[in-house]
Every structure is written in structure tokens, then in C-alpha cells.
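Worksheet: the structure to be examined is printed underneath.
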């Protein structure tokens, strides 16, 4: 869709404010050059825009550095709120593949008015975190600090909880997306070899590159790591039974509701009954019914052996 | 409200807001799960299951056969093959009866009545020879197979077998980002593509559902089986010694039907890599216990919901098409019929496809139903080659294979024409009933157009390739 000149200008203003906010939260100083570089816009356009932003009381100059005013901060938070709310909406209400959330939210963040944001927040049950674990600014513009540090900074044997996944750059995020990690998942660092980090995530051993591990944030788990008896349902062999512990936080929206409807709730006993002639899917006996699940789906269900 | 109270309320709200950040991020899910777990626990305490172990064992044995590693797929092919065989063979008798009633007696009666009432020739032509005859043709050829196929299909569904088919084949469809239930909608498409498209409602994820709708036309429908069998027995069977002819013809038809499934698979792959990009999303398939089918309800749903519904739509489209078919053969432009000019214009492209202008014109005017393609081809061929048929614009059929061959040979048909027609009959636009149904189901012009034009891509490529290779080898 082509934007009108006025809209194009507004989008640029909002992107500059977002960049300044980003710099502040990372504790680095923002300049005209850093804004131009981050947004991929010519310096002349930034230079032309800045006096207007200063005039409007959104930005202050401190020497070469640019800083947000209180009003500018509020505006930036409102755009960020729109972005994170929209990503939550895509994750929970649509079947949009997660690789596309960020790109779509980048467009939609400039379209959602504060009123529309509030309506969206209400319809989503006022979520506090987006699907990547980023806190969503409240109506009043409050936002909590991000907890956690990169996964690559922890040592073998530590039990962690994922708090946040960086959704940029896209190639790195697609690696994280494939592992179906999500904030709230418990993991244990097993070790690092040949540039790859081995972790046990809720009963499943996975590997990720150090670049990706750099972009997954976690904190030490207060309640310990995954129990030794914990497995994913996909790892249960035919004829065996297991007790459901829960559904992965990475499984959201209609997929999650469907599993809940089928009776995949903590405490349910599930038995792997038989698999199809081609090996997948597998039929599980659950609460007196038989349900066929693909491997990827069964992997989203945490169970313990009994 | 007094000032002190509002302060207190404000403080509570502030405290709640502050504490809210300390709750686990997945609180909503945890509450939902706790509710589900609690309610199932309460239900579990009060409900006693009457699980006869004998019944359970019987179910398990059945599942072991119907979804077994070595037995699952052969049993499925055998069952589907039998359903088709019963449909095709069984439909012959009622079809012949209906044809005699509607096409022979009904048509003659109406003609005489029109004549007796002094209806002008052109009006009688459009209404009786065009509209009535075409509609009657569609009904008599379409109704019996559907009235046999759909009840059997619904019985299998009611028995609990169909979900197992989806279960067995899901892996194949998962590989191309589609849903296992597409195996069912395609099998339904073997009966009728319009019904197959409606059946896509059983797929609950929207992306996979669209893939199933767009590719359903690759399932060779009942309207095309007779064409395939006739052409195969006359042209493919004719290439072999008489003893082997029948088997060769049957093999060729099965090959075309199999090609249809392969193309549907390939098209699904292309779609989920391009316009319908995405991961295979939610999949869960309930495998209900086997149970004796409810015959009465089966007949009701299959006859009313599927057969009558589809037939009604087909009739609505056949009426105007009948008029068009009659008009193309009877309206004279520059001393020749409209059909003549259309055929002349399409003879060039037809040659490249290994076909001819008559076939292409027949596919254009016979868009309401694939059943009337062959009768239209015959009518146009005799019209343009000056043989005796039933009259200009009047469709007819011949029972005798030799006579059929003679008529078409006069129209310049060879074995190549037959083979390419079989491919083209598989890979061309869906009939108008199906196109309309696709629009009704998707409410989108974009997907309707895509579903309509997509089959031509493999169709044109295959036909041109076969024609080129065939001619090069012949030369």
C-alpha cells in the first residue's frame, strides 16, 4: 500500500522516536548518524526532520547526542505498545507463522491509535508480555525493566527460565523459532562444543548456535530445572503411558485451545496407542478418546513418565 | 464518594498494578488449565465408564488392520477402488433407465408437444433441444453415480473409517504443508468436486483449508470417469491386442486418476511455498470409536445434503448452457454456424495441445458439467463433418464403440487425440458448479480464479509435451 506524504513523515517520526528509546534502554547515546543507520534513511532526511521534533518538544539536543523528552518518551512507548500488542494478537488469534509477526507489527504499529490499542488490549485480556517476552507498556506508559541475560553467559549445569527472545535479525530469529522456545520455559545448560550450545529444554535436548544463544535471555530458575522424569509426549514409545504436566508456552492461540479442549491438561493420563503406516502421526488415548497428533504437536506437550 | 475512599481505592489499584508485574507471564493459561483440570477431576469422580473390554479389544484389532504399517494403505486402496467400481458399474442401470425416460421419451414427447402447439422452430430448438435436453442429460448421467457414491461414502464416515484414512495419509500431506483431511476431501472429490470443496469445511485451519479447496479439482470426479473410460477403451485399448485391450484401458484410467493425486500433491507443495506460505499449523484428529452406521441418517445426509444440493446447482447452470450449446450450432454468421467459426479459431491452439478445435469448443460451452462434454463433441463433430447425428445443436450419444470411433475418425481423431483428451479432461477448469461452490466457500474472487486456472498449468504443459514427443516419434 502506498502511504501519503503526511503518513510517510509520521512513520519516520515514530521510527526515530523508537530508535531513541531503544538507545536509551540499551544505555548508548543516539545521534543523527545512528538514527539514519538504524532506520536505513539518508542523513539529509533525518537532519531536516530533527528541528521539527525539537520544535514539537519531543526531542532534545545535548551536543551531538539526541535525547527523548518526557512527551517524546510517551509517544515512543505508545508506538512500542502498539507493536507488542499487535504481535500478541498475531500469535494468539491468527495462524500467522511466527517469522512474520515482527514484519507485520512494524507496519501496524503506525496505524493503531491509542483508542484502538486499548480495545485490542482489552480483547486480548490485557497481556503484560508479548510473545517474545518483551513487556508491553501499560495504558499509563509504565514499563517494567527487562530481566535476564544472554544464554551464552551461563555455565553448564545451571537451571534457567527463558525470559526473552530477540526477534531481530530475522535469520537468527528463525533458528530460535525452529526450536520453539518461549518465555517461561525451563532449561538446563548441558555444555558447549564446537560453537554450539547444548541445552535441555523441558525434557528435550536441543542445540543452538552461539549467535542464537546470544539473543535468548534467561534468569536463574528459582524452582530448579526440568525434572529427570520429564519428557515431551513425542518421546513416549508406543504402549507407554505418561502424565501430562502442561502445554508448552510456545503453543498459543487456537492450537493451544484445541489441545485443552481435547483434555490435554495437567494430571491427564495419556497413552501412546499406535502410529500410522507412515510412522506419523501417532494416536494417543486420552480421557477415553483417541486423538491423532503429529510429532510437532506431541512435542509441545510436556509429560512425566509414570 | 469521599476523598479518603477514593484515595484508598486508588492505592489498591496502584498496588494491584504493581503486583501484576510479579505474576508469571503465562497466568491466563495457568488459570485456564487449572479450570480444565479441576472440572475434569470433578467429572472423573462422578462418571463411571462402561468400557467393555471385549469391545475395546475388537476396536483395537480393527485399528491394527486399518492403520497397520503393511495393511493400512492396501486396505484403503482396496476399499476406495471397490466404492468406485460399485458406483460406476451400479450407476449404469439407473442411468440407462433415466436416459430412456428423460432423453428418449421425455424429449420426443416435448418435441411433439411443441410442434402440436405451433411453437416456432427456433424457440422449440432453444428450449427443448437446448435447455431441456442438456439439463435432462446432466440429471440422468449425474444423479445415479452420486446417489450411489455418497451414501457409501457417508456409511464409511459414520462407521468411523474416514478419519483413519486421514490419519494414514497425513504424513504425505504434511510434507507439502497440507492437512491429512485433504485425503478425505479429495476422495469426496472423486464423487463430485463441488461436494469435495464443501467437504473442505472439516479442515479447521484456514491455510490448509484453502490448499484443499484450490487443489480439489485434481480429484477425477464422477462426471469425468465415463469420459476417461470411453476414450481409454476406444483409443488406448485399441493400441493393444483385443485380449489386453480391456486391461490396458482400465490401467490407463487408473493412471490418470493417480496422476491427479500426484498433481494435487505437487500443487499443494507449490501453493504452500508461494501464495499460501506457512508452516503446517494446528493438526489434531479425533479417531472416534468404530460403531455400526446409522443407515437412515446416512441416507438422509448423503441424499439431501450432498446429492440433491449438488444436482440442484448443476441444473441451474445446465439450463442456460443448453441454450448456448443449441445457439452455437444454429446461429449462422457469414453462411456458417457460430460453432464453425469457434472451432476454426481454436483449431490452432488445439493442434498444439494434441487436441482439436471441437474439443476446446466443447469444453467451453459444456462448462456446467463434465458429463456433457462427450455428447457435445459428438454433436459438433457430426455437424462439421456432415455426418448424420441428431440434428444441429442436439446432443447425442452412441452405444456402439465402432460407430463412436468412426464418427471421431472422420473428425480427424487419432490415438494422440485420445491420450491428450484424457489428460486435458483431468487438468482443465472445474465445472461451473464447482467454481461457484469455491466462491461460496472462500468468498474470494482471487482464490476462485486461482482454483479455476491452476489445473491448466499442468494440463497445457503435459498435453503439449505429449503431442510434441508423439509427433516426433511418429515422424
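No lab work stands behind these numbers, since they all come straight from the coordinates. As the structure is a computational prediction, the values presented were derived from the model and not from experiment. Cβ sites come from the backbone with ideal geometry, for glycine too, and all protein chains shown count toward neighbours.
Explain nothing, just the number: relative contact order of chain B, from Cα pairs under 8 Å at least 6 residues apart, as a whole percent.
Working: 584 pairs, mean separation 79.9, N = 475.
Contact order relative to length: 17 percent.
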**Item:** residue B:410-residue B:64 FRET efficiency (beta carbon distance; Förster radius 56 Å; 0.05 resolution)
**Value:** 0.45
**Asked** Got a sec? How would B:247, A:274 order by Cβ neighbour count within 10 Å, fewest to most?
**Response** B:247, A:274
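Rounded, prolate or oblate, given the Cα gyration tensor of region A:85-124, with a/c below 1.5 counting as rounded?
It comes out oblate by the Cα gyration axes.
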**Message:** Mean-square fluctuation check for chain A, GNM, Cα pairs under 10 Å: which of A:295, A:180, A:188 is largest?
**Reply:** A:295
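Give me the percent relative contact order of chain A, please, defined on Cα pairs under 8 angstrom at least 6 residues apart. Please list the in-between numbers first.
Details: 516 pairs, mean separation 36.8, N = 306.
Dividing the mean separation by the residue count of chain A yields 12 percent.
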**Message:** Let me make sure I get this right: for region B:251-335, a, b and c are the square roots of the gyration tensor eigenvalues over alpha carbons, sorted descending. Under 1.5 in a/c it's rounded, otherwise prolate if a/b > b/c, else oblate. Which is it?
**Reply:** oblate
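Quote the FRET efficiency, to the nearest 0.05, computed for residue A:25 versus residue A:60 with a Förster distance R0 of 25 Å and r equal to the Cβ-Cβ distance.
On the way: r = 17 Å, r/R0 = 0.69.
The computed FRET efficiency comes out at 0.90.
Which ordering of B:77, B:462, A:190 is given by a fewest-first count of other beta-carbon atoms within 10 Å?
Result, fewest neighbours first: B:77, A:190, B:462.
Could you put A:70, B:460, B:394 in order, starting from the residue whose Cβ has the fewest other Cβ atoms within 10 Å? Don't skip to the end; give the middle numbers.
On the way: A:70 10, B:460 17, B:394 22.
Going from least to most buried by this count: A:70, B:460, B:394.
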**Prompt:** Build a GNM of chain A with springs between Cα atoms under 10 Å: which of A:131, A:114, A:150 gets the top mean-square fluctuation?
**Reply:** A:114
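How high is the relative contact order of region B:73-303? Use alpha-carbon pairs under 8 Å, at least six apart in sequence, and give a whole percent.
Working: 249 pairs, mean separation 51.8, N = 231.
It comes to 22 percent, rounded to a whole number.
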**Helix B:133-159 vs. chain B, principal-axis angle (Cα, 0 to 90°, nearest 10)** = 30
**Prompt:** Taking square-rooted eigenvalues a ≥ b ≥ c of the alpha carbon gyration tensor, is chain A rounded, prolate or oblate, where a/c under 1.5 means rounded and, failing that, a/b exceeding b/c means prolate?
**Reply:** prolate
**Prompt:** Most mobile of A:162, A:41, A:172 per a Gaussian network model of chain A (Cα springs, under 10 Å)?
**Reply:** A:41
**Asked** So what is the calculated 222 nm ellipticity per residue for chain B, using -39500 (n - 2.57) for each DSSP H run with n of 4 or more, over all residues, to the nearest 500 deg cm²/dmol?
**Response** -22000 deg cm²/dmol
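Over all directions, the average projected area of the alpha-carbon convex hull for chain B comes to how many nm²? Intermediate values should be presented prior to the final figure.
Working: hull surface 145.1 nm².
Mean projected area for chain B: 36.3 nm², to one decimal.
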**Request:** Using 0.36 nm per residue of separation minus the Cα-Cα distance, give me the extension gain between residue A:211 and residue A:237 in nm, one decimal.
**Result:** 5.9 nm
**Fill in**
Nearest-0.05 FRET efficiency for residue B:305 and residue A:107 at R0 = 30 Å, using Cβ-Cβ distance, is 0.10
**Request:** Mark the label point 7 Å from the Cα of residue A:119 along Cα→Cβ and return the residues of region A:69-99 whose backbone N is within less than 20 Å of it.
**Result:** A:78-94
**Fill in**
Rounded to the nearest Å, the spacing of the alpha-carbon centers of region B:243-317 and region A:32-91 is 55
**Message:** Nearest 10 degrees is fine. How inclined is helix A:43-55 to the longest principal axis of chain A, computing both from alpha carbons?
**Reply:** 80
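Which whole number in µm²/s is D for region A:149-220 by Stokes-Einstein, with the Kirkwood Rh taken over Cα pairs at 37 °C and 0.692 mPa s? Please report the intermediate quantities before stating the final value.
Working: Rh = 11.7 Å.
Reported coefficient: 281 µm²/s.
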**Complete:** Note on region A:230-305: the mean projected area of its alpha-carbon convex hull, in nm², is 4.4
**Item:** Helix B:456-474 vs. chain B, principal-axis angle (Cα, 0 to 90°, nearest 10)
**Value:** 40
